[in-house]
Amino acid sequence: MSKYDHIKQTAYETNMQLPKLGLVLFTFGNVSAADRSLGVFAIKPSGVPYEELTPEKMVIVDFDGKTVEGTLRPSSDTQTHAVLYKHWEGINGIVHTHSTYATAWAQSQRDIPIFGTTHADHITVDVPCAPPMEDVMIEGDYEYQTGFQIMNCFKDKGLSYEEVEMILVGNHAPFTWGKTAEKAVYNSAVLETVAQMALLTEQINFGAPRLKDALIKKHYERKHGANSYYGQ
């Protein structure tokens, strides 16, 4: 028994949700689950097919990105996860995928416009797309710098990571997070659906208007406001 077994199990179960939800191909994705009382997170090992994963194969890493327990190499995106955990203390789960529609928007370097109520049920702004990474950052520790690329985007746009739990990394792919690893996976699936809906909306009507403010406010607050009632 290990004191990390609970987050290894959580990381395993949430990673296994990614192929079931159609969010990953081969090994193109990862979920991590943190325990802040222990100062560590569990993350999928690099390059291991999903059908070969077990809870025991999850790697334990601290918030400086150093492996604490595990014989396999952690995901290549581990440093990005570590940076976000270290600076955003309200999150306990992170997901990175290359899901088709969200990645297509990231490659287009465009925010996803808030066209409809499905989007507004989750966030009140366009899904942000971080600008492509600057050359000096690419030449450094790339995965480590990706964490700062994400945080810089939120700072520049005046966004809160607790209110907007998703981002597109320009020319790369999406990241999502949440108070739990399960919520981060949920957000990843929502983001992919919203990205697909937005693409179809623009194909049907390229000049489609953004959702009006009154509907944004209504749909977000009925799920998240002080007097929320949706899904209760």
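The values are calculated or read from the model by the stated rules, or taken from the named source; none is laboratory data. What you see is a predicted model, and the numbers here were worked out from it, not measured in a lab. Counting neighbours? That spans all protein chains shown, and the Cβs are built from the backbone with ideal geometry, glycine included.
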Output the number of residues of the range 143-165 satisfying the condition of being assigned to a loop (DSSP other than H, G, I, E, B) and of a type in the set (D, E, K, R). 3
Every residue in the range 17-55 that is within 17 Å of the chain's Cα centre (by Cα) and assigned to a loop (DSSP other than H, G, I, E, B), please. Leu21, Gly22, Leu23, Val24, Leu25, Thr27, Phe28, Lys44
Checking Glu139, Glu134, Glu143 in turn, the sole residue that is surrounded by fewer than 18 Cβ atoms within 10 Å (Cβ to Cβ), under 20 Å from Thr103 (Cβ atoms) and of a type in the set (Asp, Glu) turns out to be Glu143
Under 9 Å by Cβ, and 6 or more places apart or on different chains, what pairs join a residue from the range 171-200 that is over 12 Å from Trp105 (Cβ atoms) and among the basic types (Lys, Arg) with one that is surrounded by fewer than 18 Cβ atoms within 10 Å (Cβ to Cβ) and at pLDDT 95 or above? Lys179/Gly90; Lys179/Glu162
Please count how many residues of the range 188-232 are of a type in the set (S, T, N, Q) and modelled with pLDDT under 95. 3
So Asp111 passes all but one of these: (1) over 19 Å from Gly158 (Cβ atoms); (2) in contact (Cβ under 8 Å) with a residue 12 or more places away in the chain. Which condition number does it fail? (1)
Selection over the range 16-43 where residues are crowded, with 17+ Cβ neighbours inside 10 Å and over 22 Å from Tyr101 (Cβ atoms) yields a count of 7
If you take the residues in the range 67-87 that are among the polar types (S, T, N, Q) and surrounded by 14 or more Cβ atoms within 10 Å (Cβ to Cβ), which one is farthest from Thr146 (Cα to Cα)? Thr67
